[in-house]
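What follows is one structure encoded as structure tokens, with my remarks underneath.
Just so you know, all these numbers are worked out from the coordinates, no wet-lab data involved. Because the structure is predicted, anything quoted here is derived from the model rather than measured. Reconstructed Cβ throughout: ideal geometry from the backbone, glycine too, with neighbour counts over all protein chains shown.
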There are 2 protein chains.
Amino acid sequence: MLKCYGYAAYNSLTPLRSHHFKRRSPGPRDVLIEINYCGVCHSDIHQARNEWNGTKYPIVPGHEIVGRAVLVGNEVDRFKAGDLVGVGCMVDSCGICPECQDHQEQFCGDTVFTYNSLDKHSGKMTYGGYSNQIVVDQRFVLRLSDKLEPAAVAPLLCAGITTYSPLRHWKVGPDHKVGIVGLGGLGHMAVKFARAFGAEVVLFTTSADKIDDAKRLGANQAVLSTSPEQMQQHEQSLDFILNTVAAPHDLDRYLTLLKRDGTLCLVGVPSTPHPTPSIDHLIFRRRNLAGSLIGGIKETQEMLDFCAEHNIVSDIELIPMTAINTAYERMLKGDVKYRFVIDMASLPKQ
Amino acid sequence: MLKCYGYAAYNSLTPLRSHHFKRRSPGPRDVLIEINYCGVCHSDIHQARNEWNGTKYPIVPGHEIVGRAVLVGNEVDRFKAGDLVGVGCMVDSCGICPECQDHQEQFCGDTVFTYNSLDKHSGKMTYGGYSNQIVVDQRFVLRLSDKLEPAAVAPLLCAGITTYSPLRHWKVGPDHKVGIVGLGGLGHMAVKFARAFGAEVVLFTTSADKIDDAKRLGANQAVLSTSPEQMQQHEQSLDFILNTVAAPHDLDRYLTLLKRDGTLCLVGVPSTPHPTPSIDHLIFRRRNLAGSLIGGIKETQEMLDFCAEHNIVSDIELIPMTAINTAYERMLKGDVKYRFVIDMASLPKQ
């Protein structure tokens with residue numbers, strides 16, 4: 001086993017703190033990665049606090065990982081020591097089911113997640129990126145471009161692919177008017193991608209103070225969703241809406257903004273159900289209500305290559321490891337533009 | 001104005017009875033149709049009893065109309081006297097909006113429905129097919145084949161197109177496993193179409209006594225949806241589900257039967273909302289919840305031509321006009337296989 005150290009939650013109530021733990025030793029198909037940066041995703045908080053149940057303590061969160069390959073197994077043919085690499089939400093899957101064969105590992109019934117999941121090699125829990133190093137099968141390691149600022153690349157591994165994948169799946173492009181609901185870690189990436197794909201982008205937010213920033217990030221229009229007048233101006237005009245808000249809210253207000261055959265796609269998992277949507281809004285315009293979950297590894301690599309080509313990264317606030325508990329509190333208040341990323345050089349060894 | 005007679009509801013509570021009324025006189029683009037048969041749709045009951053609100057009395061229901069053109073206006077170029085023709089749920093639309101231009105008149109904001117709608121020519125209400133004759137703009141008249149039994153063709157004009165259209169829109173065909181929920185007027189047509197399109201068809205019903213009949217109608221399998229064991233056998237196996245049940249029910253039980261990227265399409269408008277569906281079932285398999293509404297005129301003609309070519313009609317029970325109130329009561333108990341059709345030769349003149 002490989003000795004590692006990082007930051008962990010020991011239970012659902014107390015702050016995260018320094019933690020020493022072990023990972024499996026690198027095997028012939030593994031890449032050992034020294035972690036440089038790790039993004040802070042809202043699901044880190046949910047799981048650290050056992051809000052989705054099923055958390056095994058101690059838990060080391062983090063699934064937006066950027067680092068350097070420092071050692072590769074003798075069967076590794078896609079990476080070499082020194083490569084700049086990334087790891088996202090998944091580190092393994094069965095590899096043989098129809099979902100895996102179709103490069104949709106996120107839908108494999110046997111997906112191993114980057115943390116709080118059972119490592120099939122060691123039979124122990126997986127631990128995430130709030131740590132000094134990680135061991136990952138090369139099939140789940142992503143290649144990163146040296147052209148982009150690596151700290152700002154980290155959030156692409158979850159927030160990026162979670163928004164890129166549905167925009168691609170529903171073929172968003174020029175001549176489309178696309179709505180993005182919520183301007184947080186996911187929403188700000190969705191605005192950047194939708195614009196890069198050539199769509200006209202309308203950002204919907206409940207925060208008046210995000211209107212200007214939405215336009216700076218690339219939205220053609222920004223709408224205060226609490227204003228019925230502003231909302232009404234977009235009725236039946238949108239081809240596709242990507243809704244990044246996980247908090248329970250009225251979906252009908254967005255369904256009615258869709259044209260005939262439009263799709264409202266949800267990527268936030270609400271902790272309690274949204275109010276029931278009106279089926280009339282689906283039937284009388286043949287609309288769709290859908291959901292999407294991160295993206296497969298092949299598509300994640302495609303997304304990272306697209307970002308390198310189009311100079312797209314996340315807007316981040318770099319923090320030391322010791323600031324993680326303050327960062328969680330600020331995230332719960334929506335006080336981050338738009339993703340915290342931990343500088344792992346700051347990780348205390350004790 | 002043209003003197004007509006038929007059967008009407010005079011209020012929401014008393015039985016339908018004989019009624020004399022007027023329609024607009026045929027104009028240059030109109031076809032005057034002598035009605036031979038009219039199907040009885042569940043929405044006739046809803047509207048006769050004002051269950052959707054907005055009913056103007058007296059109301060003459062009926063939008064599954066089969067008859068003979070007896071007179072055509074001098075600008076009518078698509079029909080001649082003597083033609084066997086049909087009329088469905090719509091008799092007019094604006095003709096110029098994007099929906100109309102795209103042959104989707106059912107989604108035009110200005111659709112004129114066959115009954116209980118405002119006739120743009122006369123400024124009076126429209127009256128449906130429980131009557132001796134009707135005047136319809138040739139753009140909304142369908143051509144029928146003499147090869148099929150005309151009484152059994154009537155239900156195709158609503159139940160037929162309502163199920164044909166979504167099966168076509170979502171491209172149901174060979175290699176697809178398709179679920180049909182509910183075996184009534186719509187469901188039994190959906191089974192016939194899905195089989196004709198080459199799909200493997202699974203019928204879901206709450207009635208054990210419909211299992212055998214479902215197979216006779218073409219279902220490869222019939223599932224008692226009240227049996228958790230039977231339902232579980234189809235988990236994550238269906239590409240598409242057409243749900244014809246309007247009564248509020250648990251949609252999650254059907255969402256979980258869909259494969260990744262599958263669609264559950266609803267064509268029944270519930271009078272009170274379904275229980276809120278779980279967004280997790282959408283997100284974790286990228287599934288879709290959708291709705292569909294009848295179909296455009298061009299597609300309705302395509303459906304009728306398809307039926308003539310493949311010898312597809314509705315299973316019907318022919319009734320005299322005077323039996324309509326009994327028929328409504330039987331429909332509310334689910335006691336019809338699978339559509340009542342009124343023989344208009346039975347219509348009393350007084």
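The stretch A:68-124 and the stretch B:58-72 have Cα centres separated by 65 Å.
Taking a straight Cα-Cα cut-off under 17 Å and skipping sequence neighbours fewer than 8 places away in the same chain, the aspartates and glutamates within cross-link reach of residue B:215 are B:200, B:315. Ordering B:170, B:52 from the fewest to the most neighbouring beta carbons within 10 Å gives B:52, B:170. Taking every DSSP bridge with both residues inside the protein assembly as shown, close to 55 percent are antiparallel. Would you please classify the overall shape of the stretch A:162-291 from the alpha carbon gyration tensor, given that a ≥ b ≥ c denote the square roots of the eigenvalues, rounded means a/c under 1.5, and beyond that prolate means a/b larger than b/c while oblate covers the rest? Rounded, since a/c falls under 1.5. Does the protein assembly as shown classify as rounded, prolate or oblate by the C-alpha gyration tensor (a ≥ b ≥ c root eigenvalues; a/c under 1.5 gives rounded; else a/b over b/c gives prolate, otherwise oblate)? Cα axes put the protein assembly as shown in the prolate bin.
By other beta-carbon atoms within 10 Å, ranking A:302, A:99, B:34 with the fewest at the front produces B:34, A:302, A:99.
For the pair the stretch B:1-54 / the stretch A:219-291, the C-alpha centres are spaced 37 Å from each other.
Counting neighbouring Cβ atoms within 10 Å and putting the fewest first, the residues B:328, B:130, A:5 line up as A:5, B:328, B:130. Over all other residues within a Cβ to Cβ distance under 15 Å of residue B:24, the charged ones net out to +2, with Lys and Arg as +1 and Asp and Glu as -1.
Classify the stretch A:6-118 from the C-alpha gyration tensor, please: rounded if a/c falls under 1.5, else prolate or oblate depending on whether a/b exceeds b/c.
On the way: a/c = 2.10, a/b = 1.30, b/c = 1.62.
Oblate, since a/c reaches 1.5 and b/c is not below a/b.
Think of it as helices only: each DSSP H run of n ≥ 4 in the protein assembly as shown is worth -39500 (n - 2.57), and spread over all residues that comes to -6000 deg cm²/dmol at 222 nm. Pairs of Cα atoms nearer than 8 Å and 6+ residues apart set the relative contact order; for chain B it is 18 percent. Pairs from the list B:120/B:147; A:120/A:171; A:259/B:120; B:192/B:259; A:210/A:298 with a Cα-Cα gap above 31 Å: B:120/B:147; A:120/A:171; A:210/A:298.
First select every other residue whose beta carbon is under 12 angstrom from the beta carbon of residue B:318; then total the charges, Lys and Arg +1, Asp and Glu -1. So the surrounding residues net to -3.
Lys and Arg at +1, Asp and Glu at -1: add these up for the other residues within a Cβ distance under 15 Å of residue A:120 and post the number.
On the way: positive: A:23, A:24, A:29, A:124, A:139; negative: A:30, A:92, A:105, A:110, A:119, A:137.
Net of charged neighbours comes to -1.
Each part gets one Cα centre, and for the stretch B:146-172 versus the stretch A:130-199 those centres are 44 Å apart. Annotation: aspartates and glutamates with alpha-carbon distance below 17 angstrom to residue A:3 (same-chain offsets under eight excluded): A:30, A:34, A:119.
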